[in-house]
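Reading through the C-alpha cells given below for one structure.
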Amino acid sequence: MNVAEFLTGTASAQPDSVALRLDQAVVTYRELDESSARVAAMLAAEGVEPGDRVALMLPNVPEFAVVYYGILRAGAVAVPMNPLLKAREIRYYLADSAAKLIFVWPVVADEAMAGADSAKVVPAEPANFAAMIANFAAGDEVADRATSDTAVLLYTSGTTGQPKGAELTHGNLVHNVEASLGDLLRLGPDDVVFGGLPLFHAFGQTCALNASVASGATLLLLPRFDPEAALTQLVAHHATVFAGVPTMYSALLASASTERPKLKLCISGGAALPVEVLQAFEERFGTVILEGYGLSETSPVACFNRADARKAGSIGTPITGVEMKLVNSSDEQLAAGEVGEIAIRGDNIMQGYWNKPDATAAVLSADGWFRTGDLGRVDEDGFFYVVGRNKDLIIRGGYNIYPRELEELLYEHPAVLEAAVIGVAHATLGEEVGAAVVLHAGAELSAGDLRAYVKRNVAAYKYPRLVWFVDSLPKGPTGKILKREIVPPAADAESENGS
C-alpha cells in the first residue's frame with residue numbers, strides 16, 4: 001500500500017484530465033505523475049532510502065503535489081512544513097525528524113538555509129525546478145510500503161511545549177481518504193475542488209489534495225486565502241466543492257463581492273462553525289455545508305455530518321472505520337447528554353508521536369483509543385457536539401463554562417463578525433469570562449451593550465464580564481482562531497468595564 005498509488009491509478013485511467021489548476025496554469029494527471037516519478041528518481045540519486053524523512057516547505061502550488069507524491073512513491077516519509085516558519089523553527093523540525101533534504105519555495109530559501117544544519121536544501125522555483133528534475137528518468141516504480149509504514153510526519157501546533165510529529169501511516173491516509181470520499185465528498189472526474197486549505201496541513205492533504213487525486217477531480221489551488229480572490233476563482237473555474245475552516249466562511253459572507261459560485265457541497269472543519277454562519281452562508285450561496293471534526297493525529301477526519309443526516313451545530317457521526325465515545329478522567333464511558341473528553345479509535349489513528357513514547361502513551365491507550373483533549377457531548381441519535389478544549393474550559397467560582405456556547409450567541413448578534421471567549425485570571429473567582437470581538441465593518445456597538453445582550457440569554461454566572469473589541473483575531477495557518485495568543489486588556493474583570 002502506498003498513498004502515491006492514488007496518483008498512478010488516476011494517471012493511468014485519465015492521463016489528460018486536469019489534476020491541478022493555479023489561475024490559468026494547468027497540470028494534467030500525466031504531467032503530475034511523470035514529474036513525481038522524476039522527483040523519486042532524484043531522491044534515490046541523493047541516497048534517500050525508504051523510511052528516510054524528506055521535508056517540503058511549499059505553499060499551495062503545483063510543486064507541492066509533485067514533491068509530495070515523489071517523496072511517497074520513493075518510499076520516504078514526507079514532512080510538510082509551513083512556509084512561514086523561521087530559521088529557528090525550521091532547525092527544530094529538521095533536527096527532530098532527521099530529514100535528509102528539504103524542498104523550499106525560493107522566497108523562504110534564506111530562512112531554510114539558516115535553519116538547515118545537515119539537511120540539503122533544494123529550491124523548488126517552478127522553471128528551474130522543472131529543468132532540474134527533467135534530468136532524471138520518470139520510471140513507473142512505486143515503492144512497496146506496508147499499511148503500518150509511516151507516510152507523513154505531521155507536526156502538531158505545539159500548544160504545550162515543542163511541536164510533536166504525528167506519524168500517519170499509508171494505511172491511515174488511504175483509509176481516511178476512501179472513507180471521506182464514500183461518506184461525504186463523493187467526488188468524481190467532473191468535480192473541481194477548492195484548494196485554499198494549506199496542503200501542509202492534514203485537512204488540506206486529505207480532503208483536498210489526496211481526495212481530488214484519488215477521484216480524478218481537479219484541485220483549484222490558491223496559495224493564500226483571500227475572499228475576493230477565492231470567489232473570483234471559484235466562479236471562473238466552475239468549482240463544485242469548497243473545503244474550508246469557519247473563518248473562511250465568515251470572510252466570504254463579509255465580502256462585498258457579488259460573485260456566486262455554483263457549489264454542490266461545502267465542508268467545514270478545523271474549529272467549530274457557528275450555526276449563525278452556517279445558516280447565513282447556505283442561504284446566500286444556495287448550497288449545503290457539512291461540518292465535521294478531526295485532528296492531525298486522526299489523519300484527520302473522524303466525524304462528519306452527511307448530506308442526508310445532519311444537525312446544525314453538531315460535528316455529525318463517526319465516519320466508516322471509526323469509533324467515538326466520551327470519557328471522564330477515569331476513562332469511564334459517559335452517557336448521552338453528559339460532557340466528557342472525546343476519545344477516538346479506528347484505522348485513522350496515528351502510529352504515535354515521532355520518537356516520543358511518553359507523549360504517545362499519554363494520549364493513546366493500549367487498546368487503541370486516542371484521547372483528543374476536546375470536550376464534547378453526544379445526543380440520543382448519536383450526533384456528537386464539541387463544547388471546547390479541556391484547557392479552554394473556564395471554571396468561574398466553581399462553575400464550568402464552555403466557550404462554544406457563548407461564542408454561538410455572540411455570532412448571532414448582527415454586529416459581530418468574529419468572537420473568541422477565553423478565561424481571564426481572577427484573584428477570587430479563579431477565572432473570569434472574557435470575550436474578544438471583531439465587529440463588521442461600519443458596525444457600532446459598545447462593550448456594555450454586547451455584555452447585556454449575552455447576559456439576557458444565559459445564566460448569570462456565564463456571561464462575559466470583560467468584553468473588548470479588536471481589529472482581528474490571531475489565526476493559525478488554516479485560519480483557525482488561536483485563543484492562546486489572545487491577550488486581554490489590562491482591566492478589572494469585576495468592574496464590567498469593557499474596553
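Here are some notes:
- The listed residues are GLY171, GLY188, and the only one of them that is in a loop (DSSP other than H, G, I, E, B), surrounded by fewer than 21 Cβ atoms within 10 Å (Cβ to Cβ) and either in contact with a helix residue (DSSP H, G or I) (Cβ under 8 Å, 6 or more places away or on another chain) or not aliphatic (A, V, I, L, M) (or both) turns out to be GLY188.
- Annotation note: of ALA435, ALA415, the sole residue that is surrounded by fewer than 18 Cβ atoms within 10 Å (Cβ to Cβ), in contact (Cβ under 8 Å) with a residue 12 or more places away in the chain and in contact with a strand residue (DSSP E or B) (Cβ under 6 Å, 6 or more places away or on another chain) is ALA415.
- VAL26 vs. criteria over 20 Å from ALA137 (Cα atoms), open to solvent by 30 Å² or more (accessible area, probe 1.4 Å) and in a strand (DSSP E or B): yes
- Here GLY423 passes the criteria (1) under 32 Å from the mean Cα position of the chain (by Cα); (2) touching a residue at least 40 places away in the same chain (Cβ under 8 Å) except the one numbered (2).
- Members of region 103-145 that are open to solvent by less than 60 Å² (accessible area, probe 1.4 Å), at pLDDT 95 or above and farther than 21 Å from VAL61 by Cβ: VAL142, ALA143, ARG145
- Residues that are of a type in the set (Val, Ile, Thr), within 23 Å of GLY373 (Cβ to Cβ) and in a helix (DSSP H, G or I), drawn from region 265-304: THR298
- Checked against the criterion of being in a loop (DSSP other than H, G, I, E, B) and closer than 30 Å to TYR93 by Cα, the candidates ALA359, ALA366 yield just one match: ALA366.
- Restricted to region 448-467, and to residues there that are touching a strand residue (DSSP E or B) at 6+ places or on another chain (Cβ under 6 Å) and open to solvent by less than 10 Å² (accessible area, probe 1.4 Å), the residue that is nearest to ILE395 (Cα to Cα) is PRO464.
- Hey, VAL122 out of contact with any Pro (no Cβ under 7 Å at 6 or more places or on another chain) and outside any loop (DSSP other than H, G, I, E, B) or not: yes
- Between SER314, SER365, SER296, SER329, the distinction of being in contact with a helix residue (DSSP H, G or I) (Cβ under 7 Å, 6 or more places away or on another chain) and either crowded, with 16+ Cβ neighbours inside 10 Å or at negative phi (or both) belongs to SER296 only.
- Flag for VAL241 being open to solvent by less than 10 Å² (accessible area, probe 1.4 Å), under 16 Å from GLY204 (Cα atoms), among the β-branched types (Val, Ile, Thr) and at pLDDT below 95: no
- Check on ALA99, at pLDDT 95 or above, in a loop (DSSP other than H, G, I, E, B), touching a Phe, Trp or Tyr at 6+ places or on another chain (Cβ under 8 Å) and under 26 Å from ASP33 (Cβ atoms): yes
- Applying the criterion of being open to solvent by 40 Å² or more (accessible area, probe 1.4 Å), assigned to a loop (DSSP other than H, G, I, E, B) and without any contact (Cβ under 8 Å) to a residue 60 or more places away in the chain to the residues of region 207-238, the residue that is farthest from SER12 (Cα to Cα) is ASP226.
- Qualifying positions in region 374-405 - open to solvent by less than 20 Å² (accessible area, probe 1.4 Å) and part of a helix (DSSP H, G or I): PRO403
- Scanning region 251-276 for residues that are buried (at least 22 other Cβ atoms within 10 Å of the Cβ) and closer than 21 Å to ALA443 by Cβ yields a count of 2.
- Some residue of region 72-85 being within 28 Å of ALA11 (Cα to Cα), over 23 Å from the mean Cα position of the chain (by Cα) and part of a helix (DSSP H, G or I): yes
- Some residue of region 29-51 being over 27 Å from VAL192 (Cβ atoms), in a loop (DSSP other than H, G, I, E, B), of a type outside the set (D, E, K, R) and touching a residue at least 60 places away in the same chain (Cβ under 8 Å): yes
The values are calculated or read from the model by the stated rules, or taken from the named source; none is laboratory data. What you see is a predicted model; the values in this text were computed from it and never measured. All Cβ positions, glycine included, derive from the backbone under ideal geometry; neighbour counts span all protein chains shown. These area figures cover heavy atoms from the full protein model, side chains too; ligands, DNA and RNA do not enter into them. Shrake-Rupley method; radii C 1.70, N 1.55, O 1.52, S 1.80 Å.
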